[in-house]
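Trainee: Dropping a structure here in structure tokens format, bear with me for questions.
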Amino acid sequence: MLVYSLLAGLLFGLYFSLIGLGLNLVFGVMRIVNLAHGDFLMLGAFLAFWLFKLFAVNPAPVIAIAFLAFVILGLPLYYLLVPRLLRAKDPGMLSFILFFGLSQVIEAVTTIAFGTSERSIPGDQLGRAVALVAGLFAGKAPENGPVELMGQTFPAAWVASGVASGCAVLLVYVYLYRTRLGYLTRAVMDNREEAIATGINVHRISALAFGIGLGLAAVAGVFAPFMLGSITPAMGAEVTVTAFAVIVIGSLGNPLGTVLGGVVYGISYMLMQSYYSSWANLLPYVLLIAILLVRPSGLLGRRVRRA
Amino acid sequence: MIRLSIFAALMVLVTSAAVQAADAPAEIKLGTLYASSGRYASISLPVHDGLKLWIEQRNADGGVFVKAFNRKIPLKLIAYDDQSNTATAATLYNQLITQDKVDILIADSGSVLTSVAVPIARDHKMLLIDQTGTGAAFFTADNPYIVLMADPVSSIWPKPLADFLTHDGPGLGIKRVAMLYATNDFTGTQANAVRKFIKDSNSGVDLVFDEGVPTDTSNYTVLLNNIRAANPDAVVHLGYAPNDIAFLRNVQDSGIKFKFLFCIYPGLETELLEKNVGNKGLNYVFTYVPSSEIAYETNFGMSLKDYNAEWHKRYANSQVEFGFNSVAGYTTGLVLEKALAATESLDQLELRKAIFSLSGNLKTLDGTFELDANGAQVGEITPLGQLIVDEHDHLKFVTVWPHAVANGKPIYPRP
């Protein structure tokens, strides 16, 4: 029971790392909190749902489609909202209000379009993709079903989600530490004013980071029907709150902190479910309060922000 | 002299009728809440649509007959969206009573959104027309301001399930039962009832796993592993529709096959569950057989077949599924219609008296309307059934308990 809870917590935590990653990137670069983050995740989930329902597209390729679509969506959205916001006296506080409003609009429009009922994609769809990939490495296609990991059996979607989350974290690191745009992004994260003074096109860098943030949310959304039971237009707010707790636990503005925050959250949640199940959903808030009291800058935080 | 007396008597009758007509309100204000979004939207909107259907039908016919005024009076629905939020719901219930001054207060669907209305209605001495809030704690001897219209009180819901487990179960080899429930009034009450029924039966059936989870739980993989470790012969999961969807999907994705698995909503919202879990995931699952599946003999209102047809005609383009809850909203209307036709005034306790007068006599598509002394619904029972995929790949209900209404035998253990 303990080993299973730990492994399940690791996989679940990696998924929440993926959810928090985009939110933290946007905060790190722009110092604003995107309270509509969970709603973009929800939109990514509905994109996967409708592509499957209308054209029988397996969710695996939708990961790339969703990422690109939302990066592209994020660019104009950034120029529409963020520069004006950053000119305000207190952009951090105003961002709460603006993105809360955006969150409400997205939820309302999605509700009108798709209704309020729960929607899902059959669980074996991601299992098929996992079986296909595993078949390429193993030489023969394994059975489409749960996957065995260290002697424990998990839904294939969990493993797929864990692998995708790990890849996403890696790619974000490669982007930040191995590309020119990444260096510039880190420069903006470190000190926006100095970055402007050195001639960096801060808005271009920020717009891209904003787009990547939305893209990561959409990728997490593709996995939502499998990891969160089902999807509804109203799911965004709860996801945002948990993601916010995860990045605060790790460290605001630090992507590696998000991974640690996610894993700490996931393992603690699964242990709570195993041993004190009635109290499990209090966990993100308890962890959030504990971290803010004991280590306000988060587990990996030395300062409020860190590139 | 005789002529004069007759004339005088007629004058009195005419005058009193005129006074009654003059006192009659231009409309009867029904105040209610619904959740267009959030966790309870999928159980709230069908109930609300069912109620609206009844109101539209009555208004198309000139209104509802009110005995107190001896005439038909149109109905006016005042409805607010609580977005599945109990704090919002509390504010809006207050608004309906104090600002809108509704004549009849109708709760939103489900125990969670009804729970906040119970004390508010009581404080304002308004009779709460409780549509589907079945938490047993709502109904107490010292509170006359509540009646449950369309669903049985939660404490009797699981009786057929528990009776099956304790009577037929041991013969089938069911000795060890695992129960997982969401900690809210609706399913928490049912869990208490299952626990009590099993304990009182002395049948040798034991609860080997008994855990509660928060109602907004959406992931059950670890819990399923823990249940499996308890090696149960039967698993009972008590949750709302989103809980059941997540639970059954996790069961399927984890490759676990419990010998006996019971969930509430595959029966109550079959269309919704079918869309999310699929026929394969629902095959052999035990559930309640709801009124939307049993054609009860009626003595008032549409039959199930006619209502189903009317619903699909009216809400053809709606994204709200037909099911148990859509029947509940319409049933609420039918009970109100009968009560208004019997009440001496619109005074809240008079209305309660009129509703109680229907107990045991009114038979709707939801079954026999019957109340206990505290206003809890006890007539509309929930037989135990099993969902089976037939040769045409359609799900069908097989009722297995009570034996008096059973139309088939349970398949145990599941293949």
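The values are calculated or read from the model by the stated rules, or taken from the named source; none is laboratory data. Remember, it's a predicted structure, so these values are computed and weren't measured experimentally. Here the Cβ is made from the backbone with ideal geometry for all residues, glycine too, and neighbour counts use every protein chain on show.
Trainee: Which is modelled with pLDDT under 95, β-branched (Val, Ile, Thr) and surrounded by fewer than 23 Cβ atoms within 10 Å (Cβ to Cβ), of B:THR189, B:THR183?
Mentor: Numbers: B:THR189 fails: surrounded by fewer than 23 Cβ atoms within 10 Å (Cβ to Cβ).
Checking each option against the conditions leaves just B:THR183.
Trainee: Output the number of the condition that B:THR187 fails; it satisfies all remaining conditions of (1) over 16 Å from B:PHE247 (Cβ atoms); (2) assigned to a helix (DSSP H, G or I); (3) touching a helix residue (DSSP H, G or I) at 6+ places or on another chain (Cβ under 9 Å); (4) in contact (Cβ under 8 Å) with a residue 40 or more places away in the chain.
Mentor: Single failed check for B:THR187: (1).
Trainee: Can you name the number of the only condition in (1) at pLDDT 90 or above; (2) farther than 21 Å from B:VAL222 by Cβ; (3) at the interface with chain B (Cβ under 9 Å from one of its Cβ atoms); (4) touching a Phe, Trp or Tyr at 6+ places or on another chain (Cβ under 8 Å) that A:GLU107 fails?
Mentor: Status for A:GLU107: all satisfied but (4).
Trainee: Conditions first: (1) closer than 23 Å to B:ALA137 by Cα; (2) touching a helix residue (DSSP H, G or I) at 6+ places or on another chain (Cβ under 9 Å); (3) surrounded by fewer than 20 Cβ atoms within 10 Å (Cβ to Cβ). B:ILE198 passes all but one, so which condition is the exception?
Mentor: Tallying (1) closer than 23 Å to B:ALA137 by Cα; (2) touching a helix residue (DSSP H, G or I) at 6+ places or on another chain (Cβ under 9 Å); (3) surrounded by fewer than 20 Cβ atoms within 10 Å (Cβ to Cβ), B:ILE198 fails exactly one: (3).
Trainee: Another question about this same structure. Starting from residues that are within 13 Å of A:PHE12 (Cβ to Cβ) and outside any helix (DSSP H, G or I), keep the ones in the range A:219-235 and report whichever is farthest from the other protein chains (Cβ to nearest Cβ). Talk me through it step by step, then tell me what you get.
Mentor: From the range A:219-235, those within 13 Å of A:PHE12 (Cβ to Cβ) are A:220, A:223-224, A:226-229; that's our starting set.
This time we only want the ones that are outside any helix (DSSP H, G or I), so: A:228-229.
Working: A:LEU228: 5, A:GLY229: 3 Å.
So the residue we want is A:LEU228.
Trainee: If you check A:VAL159 against the conditions, is it in contact with a strand residue (DSSP E or B) (Cβ under 8 Å, 6 or more places away or on another chain), in a helix (DSSP H, G or I), farther than 30 Å from B:ALA41 by Cα and in contact (Cβ under 8 Å) with a residue 12 or more places away in the chain? Explain how you work it out, then say what you get.
Mentor: Details: in contact with a strand residue (DSSP E or B) (Cβ under 8 Å, 6 or more places away or on another chain): yes; in a helix (DSSP H, G or I): yes; farther than 30 Å from B:ALA41 by Cα: yes; in contact (Cβ under 8 Å) with a residue 12 or more places away in the chain: yes.
Judged against the criteria, A:VAL159 is a match.
Trainee: Of the numbered conditions (1) in contact with a strand residue (DSSP E or B) (Cβ under 6 Å, 6 or more places away or on another chain); (2) assigned to a loop (DSSP other than H, G, I, E, B); (3) in contact (Cβ under 8 Å) with a residue 60 or more places away in the chain, B:GLU337 fails exactly one; give the number of that condition.
Mentor: For B:GLU337, the failing item is (2).
Trainee: Another question, if that's okay. Of B:VAL102, B:VAL147, which residue is under 23 Å from B:ILE55 (Cβ atoms), modelled with pLDDT of 95 or more and in a loop (DSSP other than H, G, I, E, B)?
Mentor: Working: B:VAL147 fails: in a loop (DSSP other than H, G, I, E, B).
So the residue among B:VAL102, B:VAL147 that is under 23 Å from B:ILE55 (Cβ atoms), modelled with pLDDT of 95 or more and in a loop (DSSP other than H, G, I, E, B) is B:VAL102.
Trainee: Give the range A:193-235 a look and list any residue that's among the hydroxyl-bearing types (Ser, Thr, Tyr) and in contact (Cβ under 8 Å) with a residue 40 or more places away in the chain, or say none. Before you say what the answer is, go through the steps one by one.
Mentor: The first filter runs over the range A:193-235 and keeps only residues among the hydroxyl-bearing types (Ser, Thr, Tyr), leaving A:198, A:206, A:230, A:232.
A:SER206, A:SER230, A:THR232 - these are the residues of the range A:193-235 that are among the hydroxyl-bearing types (Ser, Thr, Tyr) and in contact (Cβ under 8 Å) with a residue 40 or more places away in the chain.
Trainee: If you don't mind, there's one more thing I want to ask. Restricted to the range A:247-298, and to residues that are touching a residue at least 60 places away in the same chain (Cβ under 8 Å) and assigned to a loop (DSSP other than H, G, I, E, B), which residue is farthest from the other protein chains (Cβ to nearest Cβ)?
Mentor: A:GLY253
Trainee: Any chance the range A:196-208 includes a residue that's within 17 Å of the chain's Cα centre (by Cα) and more than 14 Å from chain B (Cβ to nearest Cβ)? Walk me through how you get there before you give the answer.
Mentor: First pass over the range A:196-208, keeping only residues within 17 Å of the chain's Cα centre (by Cα): A:208.
Keeping just the survivors that are more than 14 Å from chain B (Cβ to nearest Cβ) gives A:208.
Within the range A:196-208, one or more residues are within 17 Å of the chain's Cα centre (by Cα) and more than 14 Å from chain B (Cβ to nearest Cβ).
Trainee: I need the full set of residues from the range B:39-82 which are over 24 Å from B:LYS101 (Cβ atoms), charged (D, E, K, R), buried (at least 23 other Cβ atoms within 10 Å of the Cβ) and in contact with a strand residue (DSSP E or B) (Cβ under 9 Å, 6 or more places away or on another chain), in order please.
Mentor: none
Trainee: Further, regarding this structure: Kindly indicate the residue of the range B:240-249 that is more than 9 Å from every other protein chain (Cβ to nearest Cβ) and at pLDDT 95 or above and also surrounded by the most Cβ atoms within 10 Å (Cβ to Cβ) among those meeting that condition.
Mentor: So in the range B:240-249, the residues more than 9 Å from every other protein chain (Cβ to nearest Cβ) come out as B:240, B:244, B:248.
From the residues that got through so far, the ones that are at pLDDT 95 or above too are B:244, B:248.
On the way: B:ASP244: 30, B:LEU248: 25.
Among residues in the range B:240-249 that are more than 9 Å from every other protein chain (Cβ to nearest Cβ) and at pLDDT 95 or above, the one surrounded by the most Cβ atoms within 10 Å (Cβ to Cβ) is B:ASP244.
Trainee: For the range A:1-12, indicate whether the set of residues that are within 28 Å of A:GLY166 (Cβ to Cβ) and outside any helix (DSSP H, G or I) is non-empty. If you could, list the steps in order and put the result at the bottom.
Mentor: Filtering the range A:1-12 for residues within 28 Å of A:GLY166 (Cβ to Cβ) gives A:1-12.
Adding the requirement that they be outside any helix (DSSP H, G or I) leaves A:1.
Yes, there is a match, as at least one residue in the range A:1-12 is within 28 Å of A:GLY166 (Cβ to Cβ) and outside any helix (DSSP H, G or I).
Trainee: Of A:LEU7, A:LEU25, which residue is in contact with a strand residue (DSSP E or B) (Cβ under 8 Å, 6 or more places away or on another chain) and at pLDDT below 95?
Mentor: Details: A:LEU25 fails: in contact with a strand residue (DSSP E or B) (Cβ under 8 Å, 6 or more places away or on another chain).
Answer to the selection: A:LEU7.
Trainee: Tally the residues that are touching an Asp or Glu at 6+ places or on another chain (Cβ under 9 Å) and at the interface with another protein chain (Cβ under 10 Å from one of its Cβ atoms), restricting the search to the range B:250-264.
Mentor: 2
Trainee: Then there is this: Check whether at least one residue in the range B:219-236 is away from chain A (no Cβ under 14 Å), part of a helix (DSSP H, G or I) and crowded, with 22+ Cβ neighbours inside 10 Å, and report yes or no.
Mentor: If we filter the range B:219-236 for residues that are away from chain A (no Cβ under 14 Å), which is where we start, we get B:232-236.
Within this subset, residues satisfying the condition of being part of a helix (DSSP H, G or I) are none.
No: zero hits.
Trainee: Hey, does the range A:90-101 have a residue that's assigned to a helix (DSSP H, G or I), under 21 Å from the mean Cα position of the chain (by Cα) and either under 30 Å from B:TYR240 (Cα atoms) or within 14 Å of chain B (Cβ to nearest Cβ) (or both)?
Mentor: Yes, the range A:90-101 contains a residue that is assigned to a helix (DSSP H, G or I), under 21 Å from the mean Cα position of the chain (by Cα) and either under 30 Å from B:TYR240 (Cα atoms) or within 14 Å of chain B (Cβ to nearest Cβ) (or both).
Trainee: Within the range B:86-96, work out how many residues are crowded, with 19+ Cβ neighbours inside 10 Å and more than 28 Å from B:SER345 (Cβ to Cβ). Break it down stepwise before answering.
Mentor: First, pick out the residues of the range B:86-96 that are crowded, with 19+ Cβ neighbours inside 10 Å: B:89, B:92-93, B:96.
Applying the additional criterion that residues be more than 28 Å from B:SER345 (Cβ to Cβ) yields B:89.
Counting residues in the range B:86-96 that are crowded, with 19+ Cβ neighbours inside 10 Å and more than 28 Å from B:SER345 (Cβ to Cβ) gives 1.
Trainee: Here's something else I'd like to know. Identify all residues within the range B:362-407 that are without any contact (Cβ under 8 Å) to a residue 12 or more places away in the chain and part of a strand (DSSP E or B); write none if there are none.
Mentor: B:LYS396, the sole residue that qualifies.
Results for (1) touching a Phe, Trp or Tyr at 6+ places or on another chain (Cβ under 8 Å); (2) within 29 Å of B:PRO214 (Cβ to Cβ); (3) assigned to a helix (DSSP H, G or I), shown as yes or no for each residue.
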| site | (1), (2), (3) |
| --- | --- |
| B:GLN83 | no, yes, no |
| B:THR91 | no, yes, yes |
| B:VAL112 | yes, yes, yes |
| B:VAL153 | yes, yes, no |
| B:ASP168 | yes, no, yes |
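Trainee: Identify all residues within the range B:265-280 that are more than 8 Å from chain A (Cβ to nearest Cβ) and surrounded by fewer than 20 Cβ atoms within 10 Å (Cβ to Cβ); write none if there are none. Explain how you work it out, then say what you get.
Mentor: Of all residues in the range B:265-280, those more than 8 Å from chain A (Cβ to nearest Cβ) come to B:265-271, B:273-274, B:279-280.
The answer is B:GLU271, B:GLU274, B:ASN279, B:LYS280.
Trainee: Something else: So which residues in the range B:48-74 are under 13 Å from B:LEU334 (Cα atoms) and assigned to a helix (DSSP H, G or I), if there are any at all?
Mentor: Hits for the range B:48-74 are B:GLY50, B:LEU51, B:LYS52, B:LEU53, B:TRP54, B:ILE55, B:GLU56, B:GLN57, B:ARG58.
Trainee: Restricting to the range A:255-284, give me the number of residues that are closer than 15 Å to B:ASN226 by Cα and of a type in the set (S, T, N, Q).
Mentor: 4
Trainee: Sort out which residues of the range B:263-290 are closer than 18 Å to B:MET179 by Cα, of a type in the set (Val, Ile, Thr) and under 17 Å from the mean Cα position of the chain (by Cα), and write them in order of number.
Mentor: B:ILE264, B:THR287
Trainee: Out of (1) outside any loop (DSSP other than H, G, I, E, B); (2) on the phi > 0 side of the Ramachandran plot, what's the single condition that is false for A:GLY199?
Mentor: A:GLY199 satisfies all of (1) outside any loop (DSSP other than H, G, I, E, B); (2) on the phi > 0 side of the Ramachandran plot except (1).
Trainee: Give me the pairs: first residue in the range B:36-49 and farther than 14 Å from B:TYR315 by Cβ and at the interface with chain A (Cβ under 8 Å from one of its Cβ atoms), second residue of a type in the set (Ser, Thr, Tyr) and part of a helix (DSSP H, G or I), beta-carbon distance under 6 Å, and six or more apart or on different chains, which are they?
Mentor: B:SER37/A:THR111
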